[in-house]
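Visitor: Before I ask anything, here is the structure I am working with.
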Amino acid sequence: MTATEAERALDASVRVELYRTMVLCRAFEDAILREYHADKKPVFDIGAGLVPGEMHLSSGQEPVAAGVCAHLTADDALTATHRPHHLAIAHGADLRKLAAEIFGRETGFGRGRGGHMHLFDPATHFSCSGIIAEGYPPALGQAFAFKRQGTDRIAVAVTGEGAANQGAFHESLNLAALWNLPVVFVVEDNDWGISVPRKTSTAIPSNAERAAGYGMQGVRIEDNDVEAVYEAAARAVARARAGEGPSLIEVHTVRLLGHFEGDAQGYRDDMAGIESRDPIPRYEKTLSDAGLLDDAEASRIREEADAKVEDAITFAKDSPEPDPATASSYVFA
Amino acid sequence: MTVMETQSTDTAGTRRLTTAKAMVEGIAQEMERDPSVVYLGEDVGKYGGIFSSTAGLLDRFGEDRVLDTPISETAFIGLAIGAAVEGMRPIAELMFVDFFGVCMDQIYNHMAKIHYESGGAVKVPMVLTTAVGGGYSDAAQHSQCLWGTFAHLPGMKVVIPSTPHDAKGLIVSAIRDDNPVVYMFHKGVMGLPWMAKNPRATDVVPEEPYEVPIGKARIAREGSDITVVSVSLSVHHALDVADRLAADGGIEAEVVDLRSLKPLDRDAILTSVAKTGRLVVVDEDYLSYGLSGEVVATITDVDPGMLRAPVERVAVPDVPLPYARSLETAVLPTRDRIEEAIHRVVKG
Amino acid sequence: MTDVPFPAVADKGPGSEGVVATWFVRDGDSVVADQLLAEVQVDKVAVEVPAPAAGTIRLLVPEEAVVTQGAVIARIE
């Protein structure tokens, strides 16, 4: 159950920080969107340009990243999906190394070997995978290690609503509950598993219901509400840190762009007026109405974000490409 | 550089173990030494492992270190990966290698690739143990070897002990290795009381911990007339045949036990075939697109002129392993098939 | 001299038969107390046989031969 406006006692500073995080995530995705398409003209060629390959941008899903990661430190683990940038950024990944890896440079997180879907940041225990739902099991292992090491560190595992129908999801929920692991499972329900709407992939309306079936608490957040995500995550994270085991948060969010860049989205019937669902202008208005944010401050926040992002992009573009002679390096330690 | 080891002595009073017990001893000694070593899998606790891979470990180390899992290979192998990433040295057991279908993504797309994808920043120091092999009528879904499949995919080491000595030394090496190591133990070499066994399944095993190097083959038997390259249970069959041929036919076969498929000791293969000029490969995995072809390519990539006769590959044909004993025996690389192949290559 | 009997295995009746599945020592070996001598099997249950004493061991039954529980399978001199 989400609290009403009146009941919420979120600090002004927390609220503005949530906004700032979302803006930084969006600024990064906007820049990658620009860079990705810049050299794939006149006809879209997926393998061309400085950022080749598939690109899955998270624009619209920032409330999940901001609301959850506000409760994490760099010592907590987070596993994400093929759509990882907002989570990496909100969790504190270095923007330069992130950008450099997306550009396939030697200075990237993976020395150019992983790319945008396979980001590994040991400093923040962040990782992501391009295989649907398969980020859940390793998060269990990170939580397992943290627990045995006697810490209150936790692991957050994020997937999409489509992944909730993959075997790894179900196995992971059961095992985490059975072994009382300090995990927070997050499901980003953006309505679409590529082109298939949730209604035609999932037998029940909410994955929060499935949580109970696996012996844990589950909650579903509607309306991409960053503050509701923040509050639900506070409870789930506290529960995990206190040794009370895993829980699940599903967030009904929005995928503003295609599944991947180049996706014409002809299958999509919710594009009319989709801009009105953009969570960032909506939250800006919320904060403005509350007297916490004026236009000047909002502009300043965006400019700061853009500056950081452009610095990262420039760093990436100026970085060397990996030497082909080293293609087989780092297979084994 | 190949290694010739005297693995069997007749010294009275020297301690002998089955392959299974040697494997367990290696694990136990590492668990004593390193508290971050845990063993998880199905029926590894009280049961001691379906093929005795963990017998006695629960009693000695408790439920905190020897963990029975639900039937959730994706989840618990993935869990081992995450634990390894965070500094532990877990051992996860895939009960039968044939079950890899339900969890291969965690194995080949995650366990094996994380180190590379992270540019070396993240290590996955775990061991994946698994039982392989047939010959006791367990049919198509419970009798496979599949080491060719695992060795084919980049990023994981693959070791396959055939003797008690190597079973202990390789599990110790695997646990200490900072890379993911797939440790494949053939049910027929374990020396289990409830399955037909080769006398070589019991042998002298040093009591102290020791490592057998990963990536180095062993010359199980020296010879000058023909090289027989093999792995796992087939090494024992090859040795039985070699003994018979030396006694009856005057053929001296050199038997090479590969022990590791990844890394593969290509030098050992080349050195032996350079000496004998004749090669038979014995491989209980499927014939096509696998280990036996890789051994042959090792020679032909370097110098096909080394071979005085075509190579014979004694492998399981591209057929699901049959249930009926007469059919299963017909497809396995039996002693008779090995001996016939040696005769043909020696004559050829 | 110490007899080494085929042990009673789980809740099998006293007349149950089994086999010595594996001898871990050879006839004439010197053994120490508690050293692993054999693994025996009745139906599906396997049991290890440790040496009850130190000395020279004489094996009285071969592997795979059928033995009744309680029968002497080795002697330590």
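Visitor: Among the residues of segment A:35-51 satisfying the criterion of being under 17 Å from A:MET117 (Cα atoms) and at pLDDT below 95, which is surrounded by the most Cβ atoms within 10 Å (Cβ to Cβ)?
Guide: Ranking the candidates gives A:ILE46 first.
Visitor: Out of the residues in segment B:1-42 meeting the condition of being at pLDDT 50 or above, assigned to a loop (DSSP other than H, G, I, E, B) and acidic (Asp, Glu), tell me which one is nearest to B:PHE185 (Cα to Cα).
Guide: Ranking the qualifying residues of segment B:1-42, first place goes to B:GLU42.
Visitor: Let me confirm something: among B:ARG337, B:ARG313, which residue is surrounded by 14 or more Cβ atoms within 10 Å (Cβ to Cβ), in a helix (DSSP H, G or I) and among the basic types (Lys, Arg)?
Guide: On inspection, the qualifying residue turns out to be B:ARG337.
Visitor: Can you report the number of residues in segment B:293-322 which are under 23 Å from the mean Cα position of the chain (by Cα) and touching a residue at least 12 places away in the same chain (Cβ under 8 Å)?
Guide: Residues in segment B:293-322 being under 23 Å from the mean Cα position of the chain (by Cα) and touching a residue at least 12 places away in the same chain (Cβ under 8 Å): 18 in total.
Visitor: Shifting gears a bit: Return the residues of segment A:64-73 that are farther than 13 Å from A:GLU17 by Cβ and either crowded, with 24+ Cβ neighbours inside 10 Å or in contact with a strand residue (DSSP E or B) (Cβ under 9 Å, 6 or more places away or on another chain) (or both); say none if nothing qualifies.
Guide: A:VAL64, A:VAL68, A:LEU72
Visitor: A follow-up question, please. Hey, among B:ALA112, B:ALA167, B:ALA131, which residue is within 12 Å of chain A (Cβ to nearest Cβ) and not charged (D, E, K, R)?
Guide: B:ALA112
Visitor: Go through (1) out of contact with any Pro (no Cβ under 9 Å at 6 or more places or on another chain); (2) over 24 Å from A:GLU17 (Cβ atoms) for A:LYS199 and report which single condition fails.
Guide: (1) is the only condition that A:LYS199 fails.
Visitor: Which of the residues belonging to segment A:292-325 are surrounded by 13 or more Cβ atoms within 10 Å (Cβ to Cβ) and either more than 24 Å from A:GLU29 (Cα to Cα) or within 14 Å of chain B (Cβ to nearest Cβ) (or both)?
Guide: Of everything in segment A:292-325, those that are surrounded by 13 or more Cβ atoms within 10 Å (Cβ to Cβ) and either more than 24 Å from A:GLU29 (Cα to Cα) or within 14 Å of chain B (Cβ to nearest Cβ) (or both) turn out to be A:LEU292, A:SER319, A:PRO322.
Visitor: Enumerate the pairs (first residue in segment B:143-157 and away from chain A (no Cβ under 11 Å); second residue anywhere and of a type in the set (Lys, Arg)) with beta-carbon separation below 6 Å, excluding pairs fewer than 6 apart on the same chain, so at least 6 apart or on different chains.
Guide: Close Cβ pairs (under 6 Å, with a partner that is of a type in the set (Lys, Arg)) amount to B:ALA151/B:LYS262.
Visitor: Go through (1) under 19 Å from the mean Cα position of the chain (by Cα); (2) facing chain B (nearest Cβ under 8 Å); (3) in a helix (DSSP H, G or I); (4) small (Gly, Ala, Ser) one by one and return the number of the condition A:SER127 breaks.
Guide: For A:SER127, the exception is condition (3).
A quick yes/no check of all residues on (1) within 11 Å of the chain's Cα centre (by Cα); (2) of a type in the set (S, T, N, Q); (3) more than 30 Å from B:SER326 (Cβ to Cβ):
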{"position": "B:GLU117", "(1), (2), (3)": "no, no, yes"}
{"position": "B:VAL124", "(1), (2), (3)": "no, no, yes"}
{"position": "B:VAL132", "(1), (2), (3)": "yes, no, no"}
{"position": "B:ILE175", "(1), (2), (3)": "no, no, yes"}
{"position": "B:HIS186", "(1), (2), (3)": "yes, no, no"}
{"position": "B:TRP194", "(1), (2), (3)": "no, no, no"}
{"position": "B:GLY215", "(1), (2), (3)": "no, no, yes"}
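Visitor: Quick check: is even one residue across segment B:219-235 closer than 30 Å to B:GLY155 by Cα, surrounded by fewer than 23 Cβ atoms within 10 Å (Cβ to Cβ), at pLDDT 95 or above and not aromatic (Phe, Trp, Tyr)?
Guide: yes
Visitor: With respect to the numbered conditions (1) acidic (Asp, Glu); (2) under 18 Å from A:ILE249 (Cβ atoms); (3) facing chain B (nearest Cβ under 8 Å), which one is the sole condition not fulfilled by A:GLU161?
Guide: Result: A:GLU161 fails condition (3) only.
Visitor: How many residues are hydrophobic (A, V, I, L, M, F, W, C), more than 28 Å from B:VAL181 (Cα to Cα) and surrounded by fewer than 24 Cβ atoms within 10 Å (Cβ to Cβ) if we restrict to segment B:247-301?
Guide: Adding up the residues that qualify gives 3.
Visitor: Also, quick follow-up: Exactly one of (1) more than 18 Å from the chain's Cα centre (by Cα); (2) in contact (Cβ under 8 Å) with a residue 40 or more places away in the chain is unmet by A:THR200. Its number?
Guide: So A:THR200 meets the others, but not (2).
Visitor: Continuing with the same structure: Restricting attention to segment A:168-189, which residues are touching a residue at least 40 places away in the same chain (Cβ under 8 Å) and over 11 Å from A:GLU250 (Cβ atoms)?
Guide: Correct list: A:HIS170, A:LEU173, A:ASN174, A:ALA176, A:ALA177, A:ASN180, A:LEU181, A:PRO182, A:VAL183, A:VAL184.
Visitor: Which one of the conditions (1) without any contact (Cβ under 8 Å) to a residue 60 or more places away in the chain; (2) more than 14 Å from chain C (Cβ to nearest Cβ); (3) not in a strand (DSSP E or B) does B:MET195 fail to meet, given that it meets all the rest?
Guide: Every listed condition holds for B:MET195 apart from (2).
Visitor: So in segment A:131-157, with the set limited to residues that are part of a loop (DSSP other than H, G, I, E, B) and touching a residue at least 60 places away in the same chain (Cβ under 8 Å), which one is farthest from A:GLU250 (Cα to Cα)?
Guide: Among those that are part of a loop (DSSP other than H, G, I, E, B) and touching a residue at least 60 places away in the same chain (Cβ under 8 Å), it is A:THR151.
Visitor: Test A:LEU24 against the criterion of being within 20 Å of the chain's Cα centre (by Cα) and among the aliphatic types (A, V, I, L, M), and give yes or no.
Guide: Spelling it out, A:LEU24 is indeed within 20 Å of the chain's Cα centre (by Cα) and among the aliphatic types (A, V, I, L, M).
Visitor: Would it be correct to say that B:VAL331 is surrounded by fewer than 18 Cβ atoms within 10 Å (Cβ to Cβ), at pLDDT 95 or above and of a type outside the set (Asp, Glu)?
Guide: Taking the combined requirement at face value, the residue does not satisfy it.
Visitor: Name the single residue, out of those in segment A:98-110 being in a loop (DSSP other than H, G, I, E, B) and surrounded by 24 or more Cβ atoms within 10 Å (Cβ to Cβ), that is farthest from the other protein chains (Cβ to nearest Cβ).
Guide: Looking at the filtered set, the residue picked out is A:PHE103.
Visitor: Identify, by number, the condition in (1) in contact with a Leu (Cβ under 7 Å, 6 or more places away or on another chain); (2) closer than 14 Å to B:ARG16 by Cα that C:VAL72 doesn't meet.
Guide: (2)
Visitor: Next up: With segment A:161-262 as the region, which strands (runs of 3 or more DSSP E) entirely inside it contain at least 2 residues that are at pLDDT 95 or above and buried (at least 24 other Cβ atoms within 10 Å of the Cβ)?
Guide: Once the strands (runs of 3 or more DSSP E) in segment A:161-262 are filtered for at least 2 residues that are at pLDDT 95 or above and buried (at least 24 other Cβ atoms within 10 Å of the Cβ), what remains is A:183-189, A:247-252.
Visitor: Also, quick follow-up: Considering segment A:178-210 alone, what residues qualify as being within 14 Å of chain B (Cβ to nearest Cβ) and aromatic (Phe, Trp, Tyr)?
Guide: Across segment A:178-210, the qualifying residues are A:TRP179, A:PHE185.
Visitor: Okay, next question. Quick check, is A:SER13 farther than 15 Å from A:ALA157 by Cα and touching a Lys or Arg at 6+ places or on another chain (Cβ under 7 Å)?
Guide: no
Visitor: Same structure, new question: Do any helices (runs of 4 or more DSSP H) entirely within segment B:61-154 hold 1 or more residues that are aromatic (Phe, Trp, Tyr), within 19 Å of B:ILE214 (Cβ to Cβ) and in the same structural domain as B:GLU30 (by TED's automatic domain parsing), and if so, which?
Guide: Helices (runs of 4 or more DSSP H) meeting the threshold: B:114-117, B:147-152.
Visitor: Take the residues in segment A:137-153 that are more than 7 Å from chain B (Cβ to nearest Cβ) and within 20 Å of the chain's Cα centre (by Cα); name whichever of them is farthest from B:GLU63 (Cα to Cα).
Guide: Result: A:ARG153.
Visitor: Being more than 20 Å from B:ASN179 (Cβ to Cβ), surrounded by fewer than 20 Cβ atoms within 10 Å (Cβ to Cβ) and more than 12 Å from chain A (Cβ to nearest Cβ) narrows it down to one residue among B:ARG65, B:ARG60; which is it?
Guide: One residue alone meets the criteria, B:ARG60.
The values are calculated or read from the model by the stated rules, or taken from the named source; none is laboratory data. Bear in mind that the values here come from a model prediction, so they are computed numbers and not experimental data. Counting neighbours? That spans all protein chains shown, and the Cβs are built from the backbone with ideal geometry, glycine included.
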